[in-house]
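Enquirer: Structure provided below as structure tokens; questions to follow.
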Amino acid sequence: MAIGITNITTATIISGGSTTLAFSGSVTAGSTLVAGGFNFNNSTTGSPAISDSINGTWTVKKYANGFVSTFNQNTELWLATFENTAGGTPTVTWNPNGTSADMGGWFICEVTGAATPTSVDVTPAMNATTGLTPSITSGTLAQAAEVLFAVMTGDTTNGTVTIVGDAAGGYTDLVNQGDNSSSQMGACQYKIVASTSSDTADWTITDVGGIGQGKGSILISIKEAAGGAAGDLSTLIGEPVTGSSQIEGGLR
């Protein structure tokens, strides 16, 4: 089976505490479940806790906190997985780090056709910038067929923020949250690749009020199981990617 993405569910956070999302349909036993998000919080230590109602505790594969803020609060971003899931329709719970989680966003999805028992490949170091084009580079991949997940967040200067994802580079938005006249913005996106070459996910930010804060970006990749065959995404461009949509294969 070619690697693919299905059961995508996304949400934004209004304020504080534990957050839950349910998969839109039953997940297939053996798939890799992926979640990622960002939020505004009040702590610079620790990390978020991710779990679901069927499998239990997930593994946070990439996390960064407190790297961008010049305000009293800080920001965090993360990507987590549960590999080789049991079948069923789990509800995922995210307990953000710190005492609040405001102006955040997150997603959950199922990666079908993923390698087992270990599907995660690259987890490059977080990349930080104060510029308007934050990015994160994967480095060379272990194999040709993989899914890349990238998350970006940062404080702003309370302007009106517009975030444009890397559609030109083959990425698809999962979450895209502008500033909402506060101090937090961020986005999540993914791409299915068919090459081992290093790949870069980027975003272009416009802030009417002027943006002077730092932004951070992280990325992980999920490997296809042996015997899979990456296909052609060109006929699926523009297809919805929420609910039970299924995306398989891909070209750079």
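Enquirer: If you check every pair at least six apart or on different chains, which have Cβ atoms under 6 Å apart with a residue in the stretch 113-125 that is at positive phi first and a residue that is of a type in the set (D, E, K, R) and open to solvent by less than 20 Å² (accessible area, probe 1.4 Å) second?
Expert: Final answer for the pair search is Gly113/Glu224.
Enquirer: Could you list, in sequence order, the residues of the stretch 48-93 that are at pLDDT 80 or above, out of contact with any Leu (no Cβ under 8 Å at 6 or more places or on another chain) and assigned to a strand (DSSP E or B)?
Expert: Hits for the stretch 48-93 are Ala49, Ile50, Ser51, Gly56, Thr57, Thr59, Glu76, Leu77, Trp78, Ala80, Gly88, Thr93.
Enquirer: Is it the case, given these coordinates, that Ala86 is open to solvent by 40 Å² or more (accessible area, probe 1.4 Å), free of Cβ contacts under 8 Å to residues at least 40 places away in the same chain and within 22 Å of Val60 (Cβ to Cβ)? First the steps, then the outcome.
Expert: On the way: open to solvent by 40 Å² or more (accessible area, probe 1.4 Å): yes; free of Cβ contacts under 8 Å to residues at least 40 places away in the same chain: no; within 22 Å of Val60 (Cβ to Cβ): yes.
When the stated conditions are applied, Ala86 does not pass them.
Enquirer: For the list (1) modelled with pLDDT of 95 or more; (2) hydroxyl-bearing (Ser, Thr, Tyr); (3) in a strand (DSSP E or B); (4) surrounded by fewer than 17 Cβ atoms within 10 Å (Cβ to Cβ), I need the number of the one condition that Tyr190 fails.
Expert: All conditions are met except number (4).
Enquirer: Taking only the stretch 144-170 into account, find how many residues are open to solvent by 60 Å² or more (accessible area, probe 1.4 Å) and not aliphatic (A, V, I, L, M).
Expert: Counting residues in the stretch 144-170 that are open to solvent by 60 Å² or more (accessible area, probe 1.4 Å) and not aliphatic (A, V, I, L, M) gives 3.
Enquirer: Here is a list: Ala144, Ala128. Which entry is in contact (Cβ under 8 Å) with a residue 40 or more places away in the chain and out of contact with any Gly (no Cβ under 9 Å at 6 or more places or on another chain)?
Expert: Details: Ala128 fails: out of contact with any Gly (no Cβ under 9 Å at 6 or more places or on another chain).
The unique qualifying residue is Ala144.
Enquirer: For the stretch 24-47, how many residues are at pLDDT 95 or above and under 14 Å from Trp94 (Cβ atoms)?
Expert: Residues meeting the conditions: 4.
The values are calculated or read from the model by the stated rules, or taken from the named source; none is laboratory data. Predicted model only: the values in this text are computed from it and were never measured. Heads up, the Cβs are rebuilt from the backbone with ideal geometry, glycines too, and the neighbour counts pull from every protein chain shown. When the accessible area is computed, the model is the full protein with side chains, heavy atoms only, and any ligands, DNA or RNA have been set aside. Shrake-Rupley method; radii C 1.70, N 1.55, O 1.52, S 1.80 Å.
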